[in-house]
Amino acid sequence: MKTVLIPLPKTVDLHPGACPADAPVTRRTDPALGPEAYRMELSPAGIVLTGGSDRGVLWAEQTLLQLRLGSGGALPCGVIEDEPAYPWRSFHLDCSRHFFSLQEVKKMVRAAACFKLNRLHWHISDDQGWRIESKAFPKLHEIGSQRAGDTFGNFDSHEPYGGYYTRDEVRELVTYCKELGIEVVPEIDVPGHVSAILAAYPDLSCTGAPVAVQTEGGIFPDILCAGKESVFAFLEALLDDVLELFPGDTVHIGGDEAPKTRWKECPHCQERMRQEGLENLQQLQGWFLNRVAAFLKTRDKRAVVWNEAAYGGNLDPELLLQFWFQDRDGQVRRHAEKGGQVILSPIRSAYCDYPHAAITLENVYTQDLAPEDLPAGAVLGTECLAWAEYLRTDRELERKAWPRYAASAEAGWCGPRREDFPAFQARLRELFPLFAQLGVDATEPDSWNPASPGAQAEMEAFKENFTPELMARYRSAQQDI
Ligand code: ACM
Ligand code: ZN
């Protein structure tokens, strides 16, 4: 009997004989194993799952579930020993641009757990919507969660659009994730991508001018002022409010795509630079994020930031750096050389909202987790992402994420012991019925090939979102970052 599993376990040692489908299952932990490691023993008498921690036991359960699917009855006998190559294996959901129902988010979580992804990077604040109920700052959800329309790419609606998760719903999700071995990493993106926050609390920008929750994608000039003390008082109270809901060890504080247009002209920001001896606006951004991270440290939390946060060269190496784009002057390497850790999610192998013809399943599976320019040990792991500017429905989200999120999961779990891509693809085809079992509408094998009619049609539809004017606007917004 063969086993078809994703991620591929470290060792599978099968013996003759069969383990009945209804064999009793014993669960235990053995801290001598790594925290996410597990051992599974299948014999005619029963199944023993031993995890290095409760999470290891949960991963063993997922392996058992995949084995059951593949066996259709009795299971093989033998021993599986397994552990991940990388401790950080996250998947991302953008619930700001499009507000996915709690039920849909849970479905994505259930599927992610099946592939042993262990963190949900939950993007809940951006220019187009603030998405969780705030006790400390209720205007965030009252005003910041609502926008006047939905005009992304070639979709154009002037109907009001909005929504937020209540605190009880957030707690429900966090508990659901925990039961499946997944920690939620909320992202409160600052100092840029904050139109929804500024729509509610405009005094937090440099000028204080009114800002609307954005109805289109892009990069917007009004960001949080780095000079006003009131901004830090706000962020600290806000983070305390948010942390009540998220017991995990890590918070993402953004730092991407923050144009310095206003900071350049703002007397408060200029005064801050003088006081702190900062040489340029990039250093002001590094200083800003260091300060928010230092606050989080007082609450025993680590901060993650996008790679632009390192552009000034003054980012505290304790911050986790998430690489996605444009490593100007090798700052990711410099951060790592100072002892900093890095999460790798470059667009070319991680951005699963792009069509399969642009970011192929093979790109995701064969992603490089040991780049030559980073010191060994600097890479904490990987993330797969699905930004939702152009993902309006559950179906669109699922078809973009799956099965590419499973490929990322195996990359992070197996690291250098990954198989070649054709062998992975063959396993994935065999396991494909798992997606139906999970209720997930995954992209079918025929469309995984970038040259296939399905992938080409997806690409053509995607391109229709981008007029030359929009591309010019995106390029020009990049200038000041
Ligand atoms: C990003 O894609 N703006 C991190
Ligand atoms: Zn300012």
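The values are calculated or read from the model by the stated rules, or taken from the named source; none is laboratory data. Since the model is a prediction, treat every value here as computed from it, not as a measurement. Neighbour counts run over all protein chains shown; Cβ positions are idealised from the backbone, glycine included.
Observations, loosely collected:
- The residues listed here are Phe295, Phe325; of these, the one that is surrounded by fewer than 19 Cβ atoms within 10 Å (Cβ to Cβ) and under 17 Å from Glu383 (Cα atoms) is Phe325.
- Looking across Ser134, Ser145, one residue alone is among the small types (Gly, Ala, Ser), closer than 30 Å to Gly227 by Cβ and in contact with a Lys or Arg (Cβ under 7 Å, 6 or more places away or on another chain). It is Ser145.
Table: residues versus (1) near ligand 2 (Cβ under 10 Å from one of its atoms); (2) at pLDDT 95 or above; (3) surrounded by fewer than 21 Cβ atoms within 10 Å (Cβ to Cβ).
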| residue | (1), (2), (3) |
| --- | --- |
| Trp263 | yes, yes, no |
| Pro267 | yes, yes, yes |
| Arg274 | no, yes, yes |
| Gln285 | no, yes, no |
| Arg291 | no, yes, yes |
| Ala303 | no, yes, no |
| Ala309 | no, yes, no |
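- Single condition Gly415 does not satisfy, out of (1) in a helix (DSSP H, G or I); (2) of a type outside the set (Phe, Trp, Tyr); (3) on the phi < 0 side of the Ramachandran plot: (3)
- Gly330 meets the conditions (1) within 16 Å of ligand 1 (Cβ to nearest atom); (2) at pLDDT below 95 in every case but one. The failed one is (1).
- Residue match in region 102-111 (condition: closer than 30 Å to Thr393 by Cα and among the acidic types (Asp, Glu)): yes
- Options Leu58, Leu42; residue that is within 27 Å of Ser345 (Cβ to Cβ) and either touching a residue at least 24 places away in the same chain (Cβ under 8 Å) or of a type in the set (A, V, I, L, M, F, W, C) (or both): Leu58
- Selected residue (only one of Leu198, Leu224 is buried (at least 23 other Cβ atoms within 10 Å of the Cβ), within 11 Å of ligand 2 (Cβ to nearest atom) and closer than 30 Å to Arg171 by Cβ): Leu224
- Close pairs from region 282-306: first at positive phi, partner away from ligand 2 (no atom under 16 Å from the Cβ), Cβ under 9 Å, at least 6 apart: Asp300/Asp249
- Test: residue in region 236-243 that is within 16 Å of ligand 2 (Cβ to nearest atom), crowded, with 18+ Cβ neighbours inside 10 Å and in contact (Cβ under 8 Å) with a residue 40 or more places away in the chain: no
- Contact annotation: residue pairs with Cβ atoms under 6 Å, 6 or more positions apart or on different chains, pairing a residue in region 182-194 that is outside any loop (DSSP other than H, G, I, E, B) with a partner that is within 16 Å of ligand 2 (Cβ to nearest atom), are Val190/Leu224.
- Some residue of region 398-419 being charged (D, E, K, R), modelled with pLDDT of 95 or more and in contact with a helix residue (DSSP H, G or I) (Cβ under 6 Å, 6 or more places away or on another chain): yes
- Filtered residues of region 244-261 (kept if surrounded by fewer than 18 Cβ atoms within 10 Å (Cβ to Cβ) and out of contact with any Asp or Glu (no Cβ under 8 Å at 6 or more places or on another chain)): Glu244, Pro247
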